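Asks: Dumping the structure here so I can ask a few things about it.
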Amino acid sequence: MAEKAAYSDEGLTAEARPATKEDAGILAQLVNMAGDGLPLYLWTKMAEGGDPWKVGRQRAQREEGSFSYRNAVVLEHGKVLACLIGYPIVPSLPDPDTPAMFVPFNMLEALAAGSWYVNVMATLPEARGRGFGSRLLAMADAIAEATGCTGTSLIVSDANATARHLYESSGYREIASEPMIKEGWTGAGENWVLMVKP
């Protein structure tokens, strides 16, 4: 997905590289952070009494699917500190078997067809405030341009003011929102917000 590149920030150099299957554990952690616990909630249901983190790791190790190491880039300095997971949104017909929780996502993604979708962007708490988020968003722009996409897009909770500020400062604008369907998930927010950067 991306060539190796070094980034330096106040003495900390973080190298960007494509993720590998060996990154599955940290990818699962970062995906759950970005999703405010929603991924772990879903993996717990899928685990049927087993280890939900194992489900998350297995999903990260898949060769296909939106949450696959193949769609991820990581920033590391001794260890993985942050990740970006994304892919082009291909126009598709609605799937009547989609679980209710995901219908708002699918509706919003359909409005951004043709864009490169930032599915996950997350940084470990100890590495925040070093500009990694802005760098990952810049990488998303570069990937979108290189793959012929119409721009970049993402979906964020209306309760995540910090992330929304970062996205707005990077050129993203809100274009639509849909009410959340929680089904027992206790995350903050009432609406999912689609933001697009042409």
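Asks: Would you please name the residue that is farthest from the chain's Cα centre (by Cα), looking only at residues in the stretch 68-91 that are β-branched (Val, Ile, Thr) and part of a loop (DSSP other than H, G, I, E, B)?
Replies: Taking the candidates together, the pick is 90.
Asks: Okay, next question. Across the stretch 105-142, which residue is farthest from residue 196 (Cα to Cα) among those that are part of a loop (DSSP other than H, G, I, E, B) and of a type in the set (A, V, I, L, M)?
Replies: So, considering only residues that are part of a loop (DSSP other than H, G, I, E, B) and of a type in the set (A, V, I, L, M), the one farthest from residue 196 (Cα to Cα) is 124.
Asks: Same structure, new question: For residue 88, which of the numbered conditions (1) open to solvent by 20 Å² or more (accessible area, probe 1.4 Å); (2) closer than 22 Å to residue 160 by Cα; (3) touching a Phe, Trp or Tyr at 6+ places or on another chain (Cβ under 6 Å) fails to hold?
Replies: Only one criterion in (1) open to solvent by 20 Å² or more (accessible area, probe 1.4 Å); (2) closer than 22 Å to residue 160 by Cα; (3) touching a Phe, Trp or Tyr at 6+ places or on another chain (Cβ under 6 Å) is unmet by residue 88, namely (2).
Asks: Return yes when residue 120 is in contact with a helix residue (DSSP H, G or I) (Cβ under 6 Å, 6 or more places away or on another chain), without any contact (Cβ under 8 Å) to a residue 60 or more places away in the chain and open to solvent by less than 20 Å² (accessible area, probe 1.4 Å) and no when it is not. Can you show your working first?
Replies: Values: in contact with a helix residue (DSSP H, G or I) (Cβ under 6 Å, 6 or more places away or on another chain): yes; without any contact (Cβ under 8 Å) to a residue 60 or more places away in the chain: no; open to solvent by less than 20 Å² (accessible area, probe 1.4 Å): yes.
Considered against the rule, which asks whether it is in contact with a helix residue (DSSP H, G or I) (Cβ under 6 Å, 6 or more places away or on another chain), without any contact (Cβ under 8 Å) to a residue 60 or more places away in the chain and open to solvent by less than 20 Å² (accessible area, probe 1.4 Å), residue 120 comes out as no.
Asks: Collect the residues in the stretch 157-177 that are within 14 Å of the chain's Cα centre (by Cα) and within 16 Å of residue 115 (Cα to Cα), keeping them in residue-number order.
Replies: Residue satisfying the conditions is 167 alone.
Asks: Let me ask you something else. Could you say whether any residue in the stretch 92-104 is in contact (Cβ under 8 Å) with a residue 40 or more places away in the chain, among the hydroxyl-bearing types (Ser, Thr, Tyr), exposed (fewer than 13 other Cβ atoms within 10 Å of the Cβ) and part of a loop (DSSP other than H, G, I, E, B)?
Replies: No, the stretch 92-104 contains no residue that is in contact (Cβ under 8 Å) with a residue 40 or more places away in the chain, among the hydroxyl-bearing types (Ser, Thr, Tyr), exposed (fewer than 13 other Cβ atoms within 10 Å of the Cβ) and part of a loop (DSSP other than H, G, I, E, B).
Asks: OK, next. Counting only residues that are of a type in the set (S, T, N, Q) and part of a strand (DSSP E or B), which one in the stretch 143-156 is farthest from the chain's Cα centre (by Cα)?
Replies: If we take residues in the stretch 143-156 being of a type in the set (S, T, N, Q) and part of a strand (DSSP E or B), then 152 is farthest from the chain's Cα centre (by Cα).
Asks: What tally of residues in the stretch 147-197 results from selecting those that are exposed (fewer than 15 other Cβ atoms within 10 Å of the Cβ), more than 16 Å from residue 38 (Cα to Cα) and touching a strand residue (DSSP E or B) at 6+ places or on another chain (Cβ under 9 Å)?
Replies: Within the stretch 147-197, residues that are exposed (fewer than 15 other Cβ atoms within 10 Å of the Cβ), more than 16 Å from residue 38 (Cα to Cα) and touching a strand residue (DSSP E or B) at 6+ places or on another chain (Cβ under 9 Å) number 7.
Asks: Are any residues in the stretch 43-67 touching a residue at least 12 places away in the same chain (Cβ under 8 Å) and either touching a helix residue (DSSP H, G or I) at 6+ places or on another chain (Cβ under 9 Å) or not in a loop (DSSP other than H, G, I, E, B) (or both), and if so, which ones?
Replies: 43, 52, 53, 55, 56, 57, 58, 59, 60, 61, 67
Asks: Of the residues in the stretch 17-37, how many are open to solvent by 20 Å² or more (accessible area, probe 1.4 Å) and not in a loop (DSSP other than H, G, I, E, B)?
Replies: Summing the residues that are open to solvent by 20 Å² or more (accessible area, probe 1.4 Å) and not in a loop (DSSP other than H, G, I, E, B) in the stretch 17-37 gives 10.
The values are calculated or read from the model by the stated rules, or taken from the named source; none is laboratory data. Since the structure is predicted, the reported quantities are computational estimates derived from the model, not experimental observations. Cβ atoms come from the backbone with ideal geometry, glycine included; neighbour counts cover every protein chain shown. SASA here: full protein model, heavy atoms, side chains in, ligands and nucleic acids out. Shrake-Rupley method; radii C 1.70, N 1.55, O 1.52, S 1.80 Å.
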